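Engineer: One structure, as structure tokens, below. Some questions next.
Nothing in this text is a laboratory measurement; each read-out follows from the coordinates by a stated rule. All figures in this text were calculated on a predicted structure; none of them were measured in a lab. Cβ: placed from backbone, ideal geometry, glycine included. Neighbour counts: every protein chain shown.
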Amino acid sequence: MAGLILLGFINAVVSQSMDFTTLGLSPDQLAEAQGQISAYWSTPWYMSLMGFVERLFALPLHIALSVMVLQVFTHKQVRWLWLAILWHAVVDGVAVFLVYQWQGYDWYAYAMEGVIGVFALISLGILFALRQLEPVEPGPADLPPVDPPAFIPQPIEETPETLDKTRFQ
């Protein structure tokens, strides 16, 4: 994710000093390319991080959805699949609805990231609610003490035959 943002920045730096007339672009394409470069550099630096923040907030959502689907197999209950589909539809539906409602406002991008952040927090709550602790195995303090069996070595008579049995063959 961070690599793609860095790659985009490097491309913008290189294309800022590049002569597009040597690429054989039509005048319309040339004007569009130069407009794209000027739009990139006129945007505040922190706006280029919004895609990174959105993906960071999307991680808990996708992990929670995966864990919900996993419940189908661990608990043999298909309702978890339907709950995962419903939760995904709610998140996507609210996001699409708010894009059309808030688009055009100056605060639009920040508000959308805030909403996605709330969904990320709810998804983290889902993850913690579905977390299953590993069963605790009894430790040495929980078990009664047991005396180890006494080991008494038996003497072995050293003969050429017994010595031959100890060699690798």
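Engineer: What is the magnitude of the charge dipole of the chain about its Cα centre, with +1 placed on the Cβ of each Lys and Arg, -1 on the Cβ of each Asp and Glu, and no other charges, expressed in debye to the nearest 20?
Structural biologist: For the chain, the charge dipole is close to 580 debye.
Engineer: Further question: Using alpha carbon centroids, what distance separates segment 35-61 and segment 62-115, in Å?
Structural biologist: Taking the Cα centre of each part, segment 35-61 and segment 62-115 sit 21 Å apart.
Engineer: Next question. For the chain, what does the helix formula give at 222 nm: sum of -39500 (n - 2.57) over DSSP H segments with n ≥ 4, over the residue count, nearest 500 deg cm²/dmol? Please list the in-between numbers first.
Structural biologist: Working: 6 runs with 110 residues, N = 169.
Value at 222 nm, helices only, nearest 500: -22000 deg cm²/dmol.
Engineer: For the chain, would you read off the P(r) tail past 20 Å as a percentage of all alpha carbon pairs? All intermediate terms of the calculation are to be shown ahead of the outcome.
Structural biologist: Working: 10482 of 14196 pairs.
Percentage above 20 Å: 74.
Engineer: What is the packing order of peptides 91-102, 55-66, taking the mean over residues of other C-beta atoms within 10 Å and listing the highest first?
Structural biologist: On the way: 91-102: 12.6, 55-66: 16.5.
Sorting 91-102, 55-66 by mean packing, highest first, produces 55-66, 91-102.
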